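Enquirer: The structure follows.
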Amino acid sequence: MHETVIREADAPRFGADGTEITGYASPMRGSETVSAWKVRLLPGAASPVHQLTAGEAFIALAGRARFEFAQHAHEIEAGDAICVPPRLPFRLANTSDEPFEAVCCMVAGGKGQIGDGEPFTPPWAQ
């Protein structure tokens, strides 16, 4: 075992429709138990409604965003954090005029699920 340094310039990037994700910690990048990534949502961008097999934590770094859960919604901004329990459908949306950025993490091996689709490991968490 040894430490792993993941430089921002070398971290893999994923994205579509105003969503940019930078993969950091994951089993493929030296972390056996934790996956972590940075999400950036441009103004008007949103994730699909989805749920996870493991809890996920978000720490907002810049901007503002809206977390939407079944009957609830929370506005968060830089410095705030939110923890999403497993199996709770949610959506993250940037309803502001500036980009939103957050660091996200969950247990390595956690999977996402959109609607009735099959659970999958997001590529940034592999």
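Each reported figure results from applying straightforward, stated rules to the coordinates on display, with no laboratory input. It should be emphasised that the depicted structure is a prediction, and the values quoted were computed from it without experimental measurement. Neighbour counts run over all protein chains shown; Cβ positions are idealised from the backbone, glycine included.
Enquirer: Looking at I82, I114, which is the one that is among the aliphatic types (A, V, I, L, M) and without any contact (Cβ under 8 Å) to a residue 40 or more places away in the chain? Talk me through it step by step, then tell me what you get.
Expert: Working: I114 fails: without any contact (Cβ under 8 Å) to a residue 40 or more places away in the chain.
Result: I82 is the single residue among I82, I114 that is among the aliphatic types (A, V, I, L, M) and without any contact (Cβ under 8 Å) to a residue 40 or more places away in the chain.
Enquirer: Here is a list: Q126, Q71. Which entry is among the polar types (S, T, N, Q) and without any contact (Cβ under 8 Å) to a residue 12 or more places away in the chain? Before you say what the answer is, go through the steps one by one.
Expert: Details: Q126 fails: without any contact (Cβ under 8 Å) to a residue 12 or more places away in the chain.
Exactly one of Q126, Q71 is among the polar types (S, T, N, Q) and without any contact (Cβ under 8 Å) to a residue 12 or more places away in the chain, namely Q71.
Enquirer: Okay, moving on. If we keep just the residues of region 81-126 that are of a type in the set (D, E, K, R) and buried (at least 16 other Cβ atoms within 10 Å of the Cβ), which is nearest to the chain's Cα centre (by Cα)?
Expert: Among those residues, the one meeting the criterion is E101.
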